[in-house]
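Engineer: Here you go, one structure.
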Amino acid sequence: MDWNEITVKVPAPRVDEAAAIANMTVPYGIYIEDYTNLEKDAEEIAHIDLIDDELRQKDRSSAVIHIYISSDDNATEAISYLKERLTAANIEYKVGKTVVDDEDWNENWKKYFKAFEVGEKLAVCPSWESYDNTSNRRVISLDPGAAFGTGAHATTYLCLSILEEIVTEKTRLLDIGTGSGILAIAACLLGAESAFGVDIDALAVETAEKNAMRNSVEKKTSFKVGDLAENVNGKYDVICANIVADVVMRLFENVGDYLTEDGYLCVSGIIDIRAEEVEKSAEEHGFKIIKAPTREEWHAYLLKRI
């Protein structure tokens, strides 16, 4: 299958705002080329200090957001939306579009996905690489496929860090907008009893199922196609939603119906300029903030019902 690759070049200081807008154009995710903190990221995420000269010469003043839309979908509509929202946000941009096939697409994003550690217990490693597990972490072997969700992005990293602290052997987890299935899989590797993921995109569900098998947690996980809590039944001890601010606030309206009395709601994907709005919405819908970690320009919230 061919893909439309949309690239959005923006000033590096505005990339997080632009990424939040770009995320609204696809249900599964994006990836970002940003070399602003190349040396720091290489050390903290990939644990390397030898960086190729070609990378060192990359433009540090701008960042490029990559969005992939299947040839069956309307790339023109996505581009129009991007231009409208970026202009309204007063973000300088340059949009491009090319067509790539599956093989080229795979090579494009794989070079940006390297093994990295999360918190004290987890590590994420692409399926085509190896990880030297000297600290005895739970290693998530991941092939994001077209669903993306590598975990390297700050929003997913924050969710994984929260799950480390709250998942127990009795946890039943619901992951709304599961993408590659990384949060559901992480929960099971941390000892959860079960994890159920739902995503609006069938390709994401297929990818999540394959990743569950890759990590030998397929008997503890299940995935279905659905919008938000559509096709969800029962009660869950932990509900995760790593999406965007607008969708998170819409979720607040009925997510409590699926949460156990003492259950946790973990939401992420909140850019700093929307944080206050999300906090107010959470309170209005009967949730209190237990924890509010941040990473770069992104916020996550661990919530409980009041």
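No value in this document is a laboratory result; all are computed from the given coordinates. Quantities reported herein were computed from a predicted structural model and do not represent experimental measurements. Heads up, the Cβs are rebuilt from the backbone with ideal geometry, glycines too, and the neighbour counts pull from every protein chain shown.
Engineer: Return the long-range amide H neighbours of A63 (sequence gap of 5 or more, or a different chain), with a cut-off of under 5 Å between placed amide H atoms.
Structural biologist: V10, A12
Engineer: Only Cα pairs under 8 Å and at least 6 apart count here; give the relative contact order of the range 119-213 as a rounded whole percent.
Structural biologist: 27
Engineer: Per-residue counts of other Cβ atoms within 10 Å, averaged by peptide: what ranking do you get for 4-13, 223-232, highest first? Don't skip to the end; give the middle numbers.
Structural biologist: Working: 4-13: 18.5, 223-232: 15.7.
Taking the mean over residues of other Cβ atoms within 10 Å, the ranking is 4-13, 223-232.
Engineer: If you count, for each residue, the other Cβ atoms within 10 Å and average over each peptide, how do 292-298, 261-267 line up from highest to lowest?
Structural biologist: My ranking of the peptides, most packed first, is 261-267, 292-298.
Engineer: Then there is this: Compute the Cα gyration tensor for the range 237-292, then decide on rounded, prolate or oblate, letting a ≥ b ≥ c be the square roots of its eigenvalues: rounded whenever a/c is under 1.5, prolate when a/b is larger than b/c in the other cases, and oblate in all that remain.
Structural biologist: Taking the square roots of the gyration eigenvalues as a ≥ b ≥ c, the range 237-292 is prolate.
Engineer: Right, here's the next one. Once a ≥ b ≥ c are taken as the square roots of the eigenvalues of the Cα gyration tensor of the range 175-268, is the result rounded (a/c under 1.5), prolate (a/b larger than b/c) or oblate (a/b not larger than b/c)?
Structural biologist: oblate
Engineer: Could you calculate the contour length gain from T87 to E276, that is, 0.36 nm times the residue separation minus the distance between their Cα atoms, to one decimal place in nm?
Structural biologist: 65.8 nm
Engineer: Using per-residue counts of other Cβ atoms within 10 Å, averaged over each peptide, order 67-80, 176-189 from highest down.
Structural biologist: 176-189, 67-80
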